[in-house]
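**Q** Got a structure for you, questions after.
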Amino acid sequence: MPKELTAQEESLREINAEYLEKYGFHDPEDFYALKSEPGLSEEVVRRISALKGEPEWMTEFRVKSYHAFMKKPLPTWGANLGDIDFAKIHYYVKATEKQEHDWDDVPPDIKRTFDRLGIPEAEQKFLSGVGAQYESEVVYHKIREDLEAQGVIFLDMDSALREHPDLVKEYFGTVIPYNDNKFAALNSSVWSGGSFIYVPPGVHVELPLQAYFRINTENMGQFERTLIIVDEGAFVHYVEGCTAPIWSTDSLHSAVVEIIVKEGGRCRYTTIQNWSNNVYNLVTKRAIAYKNGTMEWVDANLGSKVTMKYPAVYLLEPGAHGEILSIAFAGDGQHQDAGGKVVHVAPDTTSRIISKSISKDTGRGSYRGLLKAHKGARNIRSNVVCDALLLNPEARSDTYPYIEIEEDDVTVGHEASVSKVGEEQLFYLMSRGLNEAEANAMIVNGFIEPLTKELPAEFSLELRRLIEIQLEGSIG
Amino acid sequence: MGATLEIRNLHVSIDGAPILKGVDLVLKQGETHALMGPNGSGKSTLAYALMGHPSYQVDAGQVIFNGADVLELEPDERSRMGIFLAFQYPVSVPGVTVANFLRSGINARRKAENPDDPGISIPEFRRLLKQKMDLLGIDHKFAGRYLNEGFSGGEKKRNEVLQLATLEPLIGILDETDSGLDIDALRIVAEGVNKLKGPGLGILVITHYKRMLEYLQPEYVHLMMDGRIVESGGPELAQTVEDHGYAPFFEKFGLEATEE
């Protein structure tokens, strides 16, 4: 159905041109094993569970989640979600019959996709293990043998449910209840894929574990489910990346990530989200940290049509530390509603939230944050910094910092700033030979430098490159 | 033959108010020219207009550099051709180091010449930058600082001179590089510029003070008043300004003194 493009769609196209070349391609689906009809019902939910051969408790968990999802209204306090057509979405799509542990066994089209995204190469160079999810299922999964020998479990969630049912049952849905919010309920009812990680006491996984999530088909709903348990004194860095082809209709990505950090453990979770501009990205991420445990979220959101995501840390015991470093880039027509949530439940806990948002053209970057201290959570320290950078006069930034402190003995700092890329800055950089796109990229990279310098070099380089692609999109 | 910057009958306005009212000036590679004049006479406007600041509207005239019409070009293109402006008030760019900035500037040049150029290698760049910092007596730690962020007045000006040294333009315009500096800082900055003087570099130094000129020894001195160059001469013109101020010139050319 050809129709006239609005100016906004036109410029979206321009951004997409570069994205298209690098990430926006898609594979033919003629080899697909299974694709559910569009739409959601209790029957669809039960069928997904039956296909996966799940235990009874999980089927019931899914069904009660489905009913919670149906009952809950769409949230109206954040981005506009009114255009999501839940009846059009394919809730379960299985491309391959089984999961492989050798890239050579992965079907050629899919293997080529992940090659283009650089995953097998990264696995060789700087990762401890990789999971690659394509549509609803994980098609490739591998962890280094030495880590396996130390008792580290890194599996896709479905395999974990089969191979470690008791461990999964003990923690699944405990950090984020099935009815936490509408989209957590949706994920709980139709979840598929995602990662399960267990790091035994005292084990340090030096190189990151990475999961890559790829949507290929149109009107797709991807609902991966991740559960990470870092036992006493252990450490892991988990990294996730994601992309999708550019379709003219919308897809939905709605993940749930639950993390448990036990005494003295540390977990760092890095996201480099780069969905195409037709994906609704509505994700619930939450961690709990026990005594002296540390949870760090590094959350970079570049793509998507709408993102609503506020990684949370609950500091349950003294000495726990939570950290949320959030970067959001809202390009033309995009709304990034991102931020973080820290809840100080116990005394002597500390936290830090740093948010950097960049808005370009008609893009809108919102910081939404909650800092909460329960009564009795004495001697806590927290610092919140949120900075916004606007690349042009039409771009928009909003800040919604909620602070709920029920205790007197607290030290809380909060700073917010909004700056504009000024004509003078651009002129200065251009007078040294940089063109406008390069000058903008330099200003933006400088703006997020306090966060990118905390990332391993490979990821900060990747992030900078992705931002440059976004900036080149509509200039010139 | 060295490069020549030729300004012909240049008229420039800001927000509709005419500032430059017909400037003529020829500046050759290897020469040093001084541009003096009271506040509000248009000296900085000339500097910005030559570099292509978007707020400066060119109403008439031409600027020819090496045969090309400069006024048609974006600031980055002018820079890559070899025109450089040392800013009077350089802005800060948080999170961008001096070294990263300079390396990007060098690479932009190389890429303009050859799109396949992979850019200067990090070791080669480090050598170059160290050599330039040593030449100007700048602490190596400077390279790792964020561009102009928290810089003192003197550091900002030295940073401009370091950029001039590293990017090696054909023509350098110094917009009141001596302003706001104490005597010691002025000496350091002026000595730095002096070391860069040579057959490869044409300099247009905009200044109020003879002290800067004592270091730089320009062969030519121009006096700008009310948007025009009203008088040109040698070092003796600077001496006259130093001795008597601008008052005699206002009288001579029938102009009224205005405040900027």
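Readers should treat all values here as calculations from the given coordinates under stated rules, not as data from a laboratory. Just so you know, these numbers come straight off a predicted model, no measurement behind them. Note that we place each Cβ from the backbone using ideal geometry, even for glycine, and neighbour counts take in every protein chain shown.
**Q** Test of understanding: what is the full-extension gain from A:N219 to A:D115, defined as 0.36 nm times their sequence separation minus their Cα-Cα distance?
**A** Values: separation 104, 0.36 × 104 = 37.44 nm, distance 2.40 nm.
35.0 nm is the gain from fully extending A:N219 to A:D115.
**Q** Short version: ³J(HN,Hα) in whole Hz for each residue of segment A:330-344, in order, from phi by Karplus 6.51 cos²θ - 1.76 cosθ + 1.60 (θ = phi - 60°), x for Gly and Pro, what are they?
**A** 9, x, 4, x, 9, 10, 9, 9, 9, x, x, 9, 10, 10, 8
**Q** State the answer as a single residue: which of B:I229, B:A68, B:V93 lies farthest towards the positive end of the charge dipole of chain B, with beta carbon charges of +1 for Lys and Arg and -1 for Asp and Glu, about the Cα centre.
**A** Sorting the options by dipole projection puts first B:V93.
**Q** Please state, to two decimals, what the Cα-based radius of gyration of chain B comes to when divided by 2.2 N^0.38 Å (N = residues).
**A** Details: Rg = 18.3 Å, N = 260, 2.2 N^0.38 = 18.2 Å.
Cα Rg divided by the expected 2.2 N^0.38 Å: 1.00.
**Q** Please give me the summed charge of the neighbours of B:N107: other residues whose Cβ is under 10 Å from its Cβ, Lys and Arg +1, Asp and Glu -1. Present the calculation step by step, with values, prior to reporting the outcome.
**A** Working: positive: B:R103, B:R109, B:R110, B:K111; negative: A:E438, B:D117.
Net charge around B:N107: +2.
**Q** Please state the equivalent ellipsoid semi-axes for segment B:221-260: what are the square roots of 5 times the Cα gyration tensor eigenvalues, largest first, in whole Å? Don't skip to the end; give the middle numbers.
**A** Numbers: eigenvalues 56, 27, 15 Å².
Semi-axis lengths for segment B:221-260 are 17, 12, 9 Å.
**Q** Now, a different point. Under the rule of -39500 (n - 2.57) per DSSP H run of 4 or more residues, summed and divided by the residues of chain A, what mean residue ellipticity at 222 nm is obtained, to the nearest 500 deg cm²/dmol? List each step's numbers first, then the result.
**A** Values: 12 runs with 126 residues, N = 476.
Theoretical 222 nm ellipticity from helices: -8000 deg cm²/dmol.
**Q** How large is the Rg to Rh ratio of segment A:257-335 when both quantities use alpha carbon positions and Rh follows Kirkwood? Provide the component values of the computation, followed by the final result.
**A** Working: Rg = 14.2 Å, Rh = 13.1 Å.
Over the Cα atoms of segment A:257-335, Rg/Rh equals 1.08.
**Q** A follow-up question, please. Which loop GluC sites (Glu not before Pro) in segment A:133-224, with loop taken from DSSP, have no more than 16 other Cβ atoms within 10 angstrom of their Cβ?
**A** Values: sites: A:E135, A:E137, A:E145, A:E148, A:E163, A:E170, A:E206, A:E218, A:E224; in loops: A:E135, A:E206, A:E218, A:E224.
Taking segment A:133-224 and a limit of 16 other Cβ atoms within 10 Å, the loop GluC sites (Glu not before Pro) found are A:E206.
**Q** Across 20 Å bins from the origin, how do the percents of Cα pairs in segment A:29-423 run, short distances first?
**A** 29, 60, 11, 0
**Q** Give the shape of segment B:29-166 as rounded, prolate or oblate, defined through the alpha-carbon gyration tensor: a ≥ b ≥ c are the square roots of its eigenvalues, a/c under 1.5 means rounded, and otherwise the shape is prolate if a/b is larger than b/c and oblate if not. Please list the in-between numbers first.
**A** Details: a/c = 1.94, a/b = 1.31, b/c = 1.48.
Cα axes put segment B:29-166 in the oblate bin.
**Q** Determine the dipole magnitude for segment A:29-423: charges of +1 sit on the beta-carbon of Lys and Arg, -1 on that of Asp and Glu, nothing else is charged, the reference point is the Cα centre, and the result goes in debye to the nearest 20.
**A** 860
**Q** Moving on. Is any residue of segment A:235-261 close enough, with backbone N under 15 Å, to a label point placed 7 angstrom from the Cα of A:E458 along the Cα-Cβ axis, and if so, which?
**A** Counting backbone N atoms under 15 Å from the label point, the list is A:237-242.
**Q** Ok, one more. Within segment A:124-138, name every residue whose backbone N is under 18 Å away from a label modeled 7 Å from Cα of A:S159 along the Cβ vector.
**A** Inside the label zone: A:124, A:127-138.
**Q** At a 10 Å Cβ-Cβ cut-off, how would you order A:S351, A:S357, fewest neighbours first?
**A** Placing the least packed residue first, the sequence is A:S351, A:S357.
**Q** So what's the protein assembly as shown giving for Rg/Rh, alpha carbon basis, Kirkwood Rh from the mean inverse pair distance? Before the final figure, lay out the partial values.
**A** Numbers: Rg = 30.7 Å, Rh = 28.7 Å.
Here the Rg-to-Rh quotient is 1.07.
**Q** Which of the GluC sites (Glu not before Pro) found in segment B:92-189 are loop residues per DSSP with 15 or fewer other Cβ atoms within 10 Å of their Cβ? All intermediate terms of the calculation are to be shown ahead of the outcome.
**A** Numbers: sites: B:E113, B:E124, B:E149, B:E155, B:E160, B:E176; in loops: B:E149, B:E176.
Of the GluC sites (Glu not before Pro), the ones in loops of segment B:92-189 whose Cβ has at most 15 other Cβ atoms within 10 Å are B:E149.
**Q** Most exposed first by the Cβ proxy, i.e. fewest other Cβ within 10 Å, how do A:F223, A:F329, A:F31, A:F61 rank? Each step should come with its number before you reach the end.
**A** Numbers: A:F223 23, A:F329 28, A:F31 13, A:F61 20.
Sorted ascending by nearby Cβ count, the order is A:F31, A:F61, A:F223, A:F329.
**Q** Which whole number gives the average count of other chain Cβ atoms within 10 Å of the Cβ atoms across peptide B:69-77? Present the calculation step by step, with values, prior to reporting the outcome.
**A** Values: counts 0, 0, 0, 0, 0, 3, 12, 12, 3.
Rounded to a whole number, the mean comes out at 3.
**Q** Quick one: what do you get for segment B:135-230 if you divide its Cα Rg by 2.2 N^0.38 Å?
**A** 1.11
**Q** How large is the Kirkwood hydrodynamic radius of segment A:363-476, counting all unique pairs of alpha carbons, in Å?
**A** 16.6
**Q** Give the order of A:M220, A:M157 when sorted by the count of other beta carbons within 10 angstrom, beginning with the fewest.
**A** On the way: A:M220 24, A:M157 21.
Neighbour counts put them in this order, fewest first: A:M157, A:M220.
**Q** Where Lys and Arg each count +1 and Asp and Glu each count -1, what net charge lies around A:T270 among other residues with Cβ under 9 Å from its Cβ? Intermediate results must be reported in sequence, preceding the final value.
**A** Values: positive: A:R268; negative: A:E240, A:E296, A:D299.
So the surrounding residues net to -2.
**Q** Run through every distinct alpha carbon pair of segment B:1-68 and return the Kirkwood hydrodynamic radius in angstroms, one decimal place.
**A** It works out to 12.5 Å.
**Q** Hey, another quick one. What are the ³J(HN,Hα) values, in whole Hz, obtained from phi via the Karplus relation 6.51 cos²θ - 1.76 cosθ + 1.60 with θ = phi - 60°, for each residue of segment A:405-414 in sequence order, with x given for Gly and Pro?
**A** So the Karplus estimates, Gly and Pro as x, are 10, 9, 9, 7, 7, 9, 10, 10, x, 9 Hz.
**Q** Further, regarding this structure: Counting other Cβ atoms within 10 Å, which trypsin sites (Lys or Arg not before Pro) in segment A:86-117 have at most 11 and lie in a DSSP loop? If you can, show how the numbers build up before the last one.
**A** On the way: sites: A:K88, A:K94, A:K98, A:K111, A:R112, A:R116; in loops: A:K98.
Filter output for segment A:86-117: A:K98.
**Q** Helix-derived [θ] at 222 nm for chain B: sum -39500 (n - 2.57) over DSSP H runs of at least 4, divide by residue count, nearest 500?
**A** On the way: 9 runs with 98 residues, N = 260.
Computed ellipticity for chain B at 222 nm equals -11500 deg cm²/dmol.
**Q** Starting from 0.36 nm per residue, how many nanometres of slack lie between A:F126 and A:E56 once their C-alpha separation is accounted for?
**A** Numbers: separation 70, 0.36 × 70 = 25.20 nm, distance 3.95 nm.
Taking 0.36 nm per residue and subtracting the Cα distance, the gain is 21.3 nm.
**Q** A:S276's amide H: which non-local residues (gap 5+, or another chain) put their own amide H closer than 5 Å, with H modeled 1.01 Å from N in plane and none for Pro or chain starts?
**A** Under 5 Å from the amide H of A:S276: A:A244, A:S304.
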